[in-house]
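For reference, the structure discussed in these notes is given below.
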Amino acid sequence: MITLKIKNIEKLKAKAKTGKNNKLIICSLCPAWNFTKDEISNLARELNAEEVRIPVICNKPEINLNVDGTVFVLACGVGVQVVSESLNITAVPAADTTGIGVKDKDGKISKYCIACGDCIVDETAGICPKTRCAKSLLNGPCAGVHNGLCELSTKDNPIKCGWNEICVRMVANNEKDKFMAIRMPKIKR
Ligand code: SF4
Ligand code: SF4
C-alpha cells in the first residue's frame, strides 16, 4: 500500500475557507489502511470540512461535487491530481505520500520502497537500502549502527538499520563475499 503522513494541521487549517462548505475527499483505499476512522474524523473536524468518501480514486471514478470552499484530499499525490483534474480545480493535499509499505501485526507501518525506478534488491538480500537505510546509503552500514538500530532511532521510535538487516541475511545465506564486495569503496586510481 501507499504510505501517507498527514500534513501539518495548522498549515492545512490556514487553507480552509471560513464560512464556506469545505470538503475533505477521502480515497477509500490507502487512507483507511494508514489511518483510523477517528484520525480521519478528527482531521475533517479540524479543517471544518465535510467528509466525502470516494472509492479508489486512482481508478478515476466520476466525481460530482458542488465546489464552494476548499477541497482537501486525503489520498496519495495521484488522488489529489485526479480530483483536481476531474473537478477542474486546485485541490489541496491533506497528506504527504511517503512511499510504499507494509503493516505489521501490531499496526506499525514501515516503508519498503520509494519507487526509484531502478530496483536492485537482488543485490541486497531482498531488502531495499534506498528505503530502509535512513540515509539511502548504497554500501552501509555506516558508523551510526548500534545493536542493530540506526542512529536516527529515538526512544519512542526505534529504527532498524537496513544495512544491518542486509548483512545478517547475506551472512546467513553464505553470501559474505558478495556483501564485502558491496562494502568495498569504489576508488578510481
Ligand atoms: S530499489 Fe528500493 S526503491 Fe527502488 S524499486 Fe527496488 S525496492 Fe523500490
Ligand atoms: S545506521 Fe544503518 S540505517 Fe542508519 S544511516 Fe547508517 S547504514 Fe543507514
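The values are calculated or read from the model by the stated rules, or taken from the named source; none is laboratory data. Not measured: the values here are computed from a predicted model. Don't worry about glycine lacking a Cβ; one is built from the backbone with ideal geometry, like all the others, and counts go over all protein chains shown. Side chains are part of the model used for accessible areas, which takes the heavy atoms of the whole protein and leaves out ligands, DNA and RNA. Shrake-Rupley method; radii C 1.70, N 1.55, O 1.52, S 1.80 Å.
Scan the range 90-99 and give yes if some residue there is assigned to a loop (DSSP other than H, G, I, E, B), open to solvent by less than 90 Å² (accessible area, probe 1.4 Å) and within 28 Å of K23 (Cα to Cα), otherwise no. Even if it seems obvious, please write down each step before you answer.
Step one: list which residues in the range 90-99 are assigned to a loop (DSSP other than H, G, I, E, B), which gives 90-91, 94.
Still in the list and also open to solvent by less than 90 Å² (accessible area, probe 1.4 Å): 91, 94.
In the following step, the residues that additionally are within 28 Å of K23 (Cα to Cα) were identified as 91, 94.
Yes: one or more hits.
Filter the range 81-105 down to residues that are within 29 Å of P129 (Cα to Cα) and of a type in the set (A, V, I, L, M) and give me whichever is nearest to the chain's Cα centre (by Cα). If you could, list the steps in order and put the result at the bottom.
Step one: filter the range 81-105 for residues within 29 Å of P129 (Cα to Cα), giving 93-105.
Among the residues that remain, those that are also of a type in the set (A, V, I, L, M) are: 94-95, 100, 102.
Working: A94: 13, A95: 9, I100: 6, V102: 10 Å.
Ranking the qualifying residues of the range 81-105, first place goes to I100.
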Exercise. Is the range 110-125 home to any residue that is aromatic (F, W, Y), under 30 Å from A172 (Cβ atoms) and under 21 Å from the mean Cα position of the chain (by Cα)?
Worked result: yes
Exercise. Counting just the residues of the range 117-132 that are part of a loop (DSSP other than H, G, I, E, B) and open to solvent by 70 Å² or more (accessible area, probe 1.4 Å), which one comes out farthest from ligand 2 (Cβ to nearest atom)?
Worked result: G117
Exercise. Of a type in the set (G, A, S), in a helix (DSSP H, G or I) and open to solvent by 50 Å² or more (accessible area, probe 1.4 Å), is that true of A44?
Worked result: no
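For N48, indicate whether it is on the phi > 0 side of the Ramachandran plot, in contact (Cβ under 8 Å) with a residue 12 or more places away in the chain and not basic (K, R).
Numbers: on the phi > 0 side of the Ramachandran plot: yes; in contact (Cβ under 8 Å) with a residue 12 or more places away in the chain: yes; not basic (K, R): yes.
Considered against the rule, which asks whether it is on the phi > 0 side of the Ramachandran plot, in contact (Cβ under 8 Å) with a residue 12 or more places away in the chain and not basic (K, R), N48 comes out as yes.
For the range 169-183, how many residues meet the condition of being within 18 Å of S110 (Cβ to Cβ) and not in a helix (DSSP H, G or I)?
Here the count works out to 0.
Per-residue answers, yes or no, for (1) open to solvent by less than 50 Å² (accessible area, probe 1.4 Å); (2) assigned to a loop (DSSP other than H, G, I, E, B); (3) on the phi < 0 side of the Ramachandran plot; (4) in contact (Cβ under 8 Å) with a residue 60 or more places away in the chain:
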position: S84; (1), (2), (3), (4): yes, no, yes, no
position: G101; (1), (2), (3), (4): yes, no, yes, yes
position: Y112; (1), (2), (3), (4): no, no, yes, no
position: A115; (1), (2), (3), (4): no, yes, no, no
position: A134; (1), (2), (3), (4): no, yes, yes, no
position: P141; (1), (2), (3), (4): yes, yes, yes, no
position: C167; (1), (2), (3), (4): yes, no, yes, no
Problem set entry | Qualifying residue in the range 91-99 (condition: within 9 Å of ligand 1 (Cβ to nearest atom), modelled with pLDDT of 95 or more and of a type outside the set (G, A, S)) | no
